[in-house]
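K.L.:
Sharing a structure with you now.
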Amino acid sequence: MSNVLNWQLGRDMEYPYEAAYPDRQFAFVFNLNRCIGCQSCTMACKSTWTFNKGQEAMWWNNVETKPYGGYPHHWDVRTLDLLNKANPGGQTWGGEPGGPGAPYGRFEGRTIFEAAKNNISPEGAQRALGYLPADEEWSAPNRFEDNPVGAEPGRKGQMTFSGGELVPQHKTWFFYLARLCNHCSYPACLAACPRNAIYKRPEDGIVLVDQERCRGYRKCMEACPYKKTHYRSTTRVTEKCIGCFPRVEGRDPDGGGVPMQTRCMAACVGHIRLHGLVQMNADGTWKEDRQHPLYYLVHVAKVALPLYPQFGTEPNGFYIPPRWVPRPYLRQMFGPGVDAAIERYTHPDRELLAVLQLFGKDARMCFRYEIKPGPKVFETVIRGRKFEIHDDTVIGYARDGSKIIETKVEEPLHVRGTQFANSI
Ligand code: SF4
Ligand code: SF4
């Protein structure tokens with residue numbers, strides 16, 4: 001085991017290999033307040049990469065309804081349970097969120113790598129604490145779709161509640177959690193592979209399975225806490241999200257030679273996704289890149305948080321938490337940065353409002369943005385606080401410096417002309 005810095009935990013942690021970081025890292029931010037559960041992302045991925053025989057139960061991108069849904073079933077609850085059993089009552093955070101070396105505070109519990117040491121099975125110690133889902137857990141990928149929690153007892157089979165709901169938090173709630181491989185900085189799949197068949201690309205941090213080396217031992221499936229590697233019965237090896245690497249490399253003809261967002265990102269109907277490549281320091285932290293939209297959202301505005309950072313893999317997928325969901329649930333899922341993130345998201349300043357307009361506007365990756373100030377167009381008071389909207393213009397640039405996005409905070413209103421009247 002080596003000691004590596006996990007900036008999401010605010011401390012060093014143990015990992016089976018020496019740290020090695022790419023120059024640029026594949027990363028994304030999803031705004032869960034906007035996801036409508038349409039599964040366009042899921043189908044964009046499936047129709048591109050997993051439509052062959054043996055890939056029927058393979059959903060590299062999936063969207064599950066939380067809290068009950070999950071693919072495989074209950075993947076997160078099962079791993080949280082294992083960690084709690086390994087370290088009863090100790091999976092807590094300390095310190096104050098917001099410090100330079102500890103943006104979410106300091107995680108005092110054990111990661112899946114640290115907890116594995118004491119988990120000796122008849123086969124020996126695991127590299128990462130985990131479990132292998134049974135075949136039936138990979139069935140019905142969208143089980144519990146739209147099922148809320150917190151409903152009052154009502155007629156059988158119906159979810160009822162009375163008294164309405166008031167923001168900020170709802171009594172009866174669900175939300176859609178869109179997921180894919182996080183192309184982690186400390187991948188558990190890679191750590192657990194006895195064949196060294198999994199590697200992380202130095203140019204963009206995408207984590208891949210070498211199909212020639214893999215022997216289908218499924219140690220990666222056992223170790224990945226997000227359960228994002230998949231076994232293919234027809235080839236008897238493991239496959240996983242490849243981060244649409246030809247697009248990320250700028251080889252998709254539609255991109256004109258510049259890096260493009262993955263298929264699931266570009267197909268997102270709800271415009272919840274922003275995907276990019278962030279610059280890394282030699283110690284694995286993000287290099288300051290003030291005008292990069294992902295750097296801004298994660299490290300400046302701090303509205304986007306990692307998914308289950310306590311697992312310890314340092315995932316590179318970040319989420320703007322859904323604001324109506326009870327906070328204890330969100331704190332468990334996204335760590336102690338939740339309250340500040342929701343506070344900023346629900347009272348956005350001019351820059352945040354402008355950057356949020358970049359989501360879903362162009363399939364090419366945005367490497368830099370700038371904002372041109374516009375006039376004040378709206379003013380109100382929200383929950384006792386003054387709130388203003390300025391019609392600022394936000395401009396996004398591709399890797400080669402060409403302009404790919406120019407849009408305004410105030411969406412233009414288009415009135416359908418009478419010549420286009422619907423005749424039905
Ligand atoms: S999410 Fe899972 S499969 Fe993807 S890199 Fe992390 S540990 Fe590996
Ligand atoms: S395409 Fe976008 S809005 Fe639709 S389910 Fe996927 S992430 Fe959500």
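K.L.:
On the given criteria, is residue 297 within 21 Å of residue 41 (Cα to Cα), in contact (Cβ under 8 Å) with a residue 24 or more places away in the chain, open to solvent by less than 10 Å² (accessible area, probe 1.4 Å) and in contact with a helix residue (DSSP H, G or I) (Cβ under 9 Å, 6 or more places away or on another chain)? Please lay out each step first, then the result.
P.N.:
Numbers: within 21 Å of residue 41 (Cα to Cα): no; in contact (Cβ under 8 Å) with a residue 24 or more places away in the chain: yes; open to solvent by less than 10 Å² (accessible area, probe 1.4 Å): yes; in contact with a helix residue (DSSP H, G or I) (Cβ under 9 Å, 6 or more places away or on another chain): yes.
No.
K.L.:
Which residue, of 183, 271, is open to solvent by 10 Å² or more (accessible area, probe 1.4 Å) and on the phi > 0 side of the Ramachandran plot?
P.N.:
271 is the lone residue from the list that is open to solvent by 10 Å² or more (accessible area, probe 1.4 Å) and on the phi > 0 side of the Ramachandran plot.
K.L.:
Given the residues 264, 268, 193, 241, which is the only one that is closer than 18 Å to residue 313 by Cα, in contact with a strand residue (DSSP E or B) (Cβ under 9 Å, 6 or more places away or on another chain) and within 16 Å of ligand 2 (Cβ to nearest atom)?
P.N.:
That would be 241, the only listed residue that is closer than 18 Å to residue 313 by Cα, in contact with a strand residue (DSSP E or B) (Cβ under 9 Å, 6 or more places away or on another chain) and within 16 Å of ligand 2 (Cβ to nearest atom).
One line per residue, one yes/no per condition, for (1) buried (at least 16 other Cβ atoms within 10 Å of the Cβ); (2) more than 16 Å from ligand 1 (Cβ to nearest atom):
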{"position": "22", "(1), (2)": "yes, no"}
{"position": "37", "(1), (2)": "yes, yes"}
{"position": "60", "(1), (2)": "yes, no"}
{"position": "85", "(1), (2)": "no, yes"}
{"position": "120", "(1), (2)": "no, yes"}
{"position": "125", "(1), (2)": "no, yes"}
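K.L.:
Same structure, new question: Which condition number does residue 336 fail, the rest of (1) without any contact (Cβ under 8 Å) to a residue 12 or more places away in the chain; (2) surrounded by 12 or more Cβ atoms within 10 Å (Cβ to Cβ) being met?
P.N.:
For residue 336, the exception is condition (1).
K.L.:
Go over the candidates 177, 190 one by one and state the one that is near ligand 1 (Cβ under 9 Å from one of its atoms), outside any loop (DSSP other than H, G, I, E, B) and either at pLDDT 95 or above or crowded, with 24+ Cβ neighbours inside 10 Å (or both).
P.N.:
So the residue among 177, 190 that is near ligand 1 (Cβ under 9 Å from one of its atoms), outside any loop (DSSP other than H, G, I, E, B) and either at pLDDT 95 or above or crowded, with 24+ Cβ neighbours inside 10 Å (or both) is 190.
K.L.:
Search segment 339-375 for residues being charged (D, E, K, R) and closer than 14 Å to residue 404 by Cα, and hand back the single one that is most open to solvent (accessible area, probe 1.4 Å).
P.N.:
368
K.L.:
Can you pull out the strands (runs of 3 or more DSSP E) entirely within segment 221-312 that have at least 3 residues that are farther than 24 Å from residue 400 by Cβ and within 16 Å of ligand 1 (Cβ to nearest atom)?
P.N.:
Correct list: 229-232, 237-240.
The values are calculated or read from the model by the stated rules, or taken from the named source; none is laboratory data. These numbers come from a predicted model, not from an experiment. Cβ: placed from backbone, ideal geometry, glycine included. Neighbour counts: every protein chain shown. Quick note on the areas: whole protein, heavy atoms, side chains included, nothing else; ligands and nucleic acids left out. Shrake-Rupley method; radii C 1.70, N 1.55, O 1.52, S 1.80 Å.
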